[in-house]
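Asks: Next up is a structure, given as structure tokens.
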């Protein structure tokens, strides 16, 4: 959370008071005096002091989950189970967001966290955080497909994707395996890119 919010929670002070302490140079994070208001802190690894006195800063929680096929990367759906159903018997999921949008029939790692700022950074294309997917398709993958991904595939509806990377792992007449690295998070993006190139 932002340092202003952290101070408000830790000391039960007003927003105005927290700003004043920062301007006066009375707040330190990991031994360094902080004067700006946008710094993010986490009680898991940051030590925050006010006038040299340590403060108890709330900690965020992080879980890495191997999503099974058949589950949605969404909090709730009337027709299909959510990835949160896999863990709700063990942890409180009420404040968790899901980072990593995998299709229902896909499997792989998703991050569960109550750190909204991290979720925003990882999911927003503005920050260019790369995500890599392994795909298996029927039939061969032509080398030209690598160039198409590098230039940015255009969807059938006209949307132009940002440049991506395609790495062919193996290819044959029956089946091919590749890794696709993207920085966007458009719905069904990897599937749609594959369909444009005639891959299923």
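Since every read-out is calculated from the coordinates, none of them should be taken as a lab result. The shown structure was predicted, so the numbers you read here are calculated from the model rather than taken from an experiment. Cβ coordinates were reconstructed from backbone atoms using ideal geometry, including for glycine residues, and neighbour counts include every protein chain displayed.
Asks: Out of all the residues in region 130-173, which are farther than 13 Å from residue 190 by Cβ and touching a helix residue (DSSP H, G or I) at 6+ places or on another chain (Cβ under 6 Å)?
Replies: 163
Asks: How about region 127-158: which of its residues are under 15 Å from residue 193 (Cβ atoms) and over 27 Å from the mean Cα position of the chain (by Cα)?
Replies: 141, 142, 144
Asks: Which residue is surrounded by the most Cβ atoms within 10 Å (Cβ to Cβ), if the candidates are limited to region 1-43 and must be assigned to a strand (DSSP E or B) and touching a helix residue (DSSP H, G or I) at 6+ places or on another chain (Cβ under 8 Å)?
Replies: 27
Asks: Follow-up question, since we're still on this one. If a residue must be over 28 Å from the mean Cα position of the chain (by Cα) and within 22 Å of residue 95 (Cβ to Cβ), how many such residues does region 16-56 contain?
Replies: So the count comes out to 1.
Asks: Shifting gears a bit: Have a look at 84, 118 and point out the one that is farther than 20 Å from residue 191 by Cα, within 11 Å of the chain's Cα centre (by Cα) and not in a strand (DSSP E or B).
Replies: Working: 84 fails: within 11 Å of the chain's Cα centre (by Cα).
Only one candidate passes the filter, namely 118.
Asks: Just give me the residues in region 44-69 being loosely packed, with under 11 Cβ neighbours inside 10 Å and part of a loop (DSSP other than H, G, I, E, B), in sequence order.
Replies: Once the filter is applied, which keeps residues that are loosely packed, with under 11 Cβ neighbours inside 10 Å and part of a loop (DSSP other than H, G, I, E, B), region 44-69 yields 45, 51, 52.
Asks: Residue under question is residue 158, and the condition is that it be on the phi > 0 side of the Ramachandran plot and either without any contact (Cβ under 8 Å) to a residue 24 or more places away in the chain or surrounded by 15 or more Cβ atoms within 10 Å (Cβ to Cβ) (or both); does it hold? Give the steps one after another, and end with the answer.
Replies: Numbers: on the phi > 0 side of the Ramachandran plot: yes; either without any contact (Cβ under 8 Å) to a residue 24 or more places away in the chain or surrounded by 15 or more Cβ atoms within 10 Å (Cβ to Cβ) (or both): yes.
Criteria met by residue 158.
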